[in-house]
Amino acid sequence: MPRLVLTVPEAAEALAISRSKLYELLASGDVASIRIDGSRRIPLTAWEEYVSRLLAERTAA
């Protein structure tokens, strides 16, 4: 079964960005996250939405 959520370090590595940059995206609301027993997790769907928005902004410019 594929994983539905990633930890912060896993998500940062998947997008090739730093953890601090990921925390900035989470704080600004650009990327959605959830908390499970105090641990922050990023759903894969949140990444897909974020990347889709970036691509849409780029093509609209």
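All told, Ser52 falls short of being among the hydroxyl-bearing types (Ser, Thr, Tyr), loosely packed, with under 10 Cβ neighbours inside 10 Å and part of a helix (DSSP H, G or I). Can Leu26 be described as touching a residue at least 12 places away in the same chain (Cβ under 8 Å), in a helix (DSSP H, G or I) and touching a strand residue (DSSP E or B) at 6+ places or on another chain (Cβ under 9 Å)? Yes: the conditions hold for Leu26. For the stretch 29-49, the tally of residues that are over 17 Å from Pro2 (Cβ atoms) and part of a helix (DSSP H, G or I) stands at 1.
Counting only residues that are at negative phi and either among the polar types (S, T, N, Q) or surrounded by fewer than 16 Cβ atoms within 10 Å (Cβ to Cβ) (or both), the stretch 10-33 holds 15 of them.
Every number here is computed from the coordinates shown, using simple stated rules; none is lab data. What you are looking at is a predicted structure, and each value in this text was computed from that prediction instead of being measured. All Cβ positions, glycine included, derive from the backbone under ideal geometry; neighbour counts span all protein chains shown.
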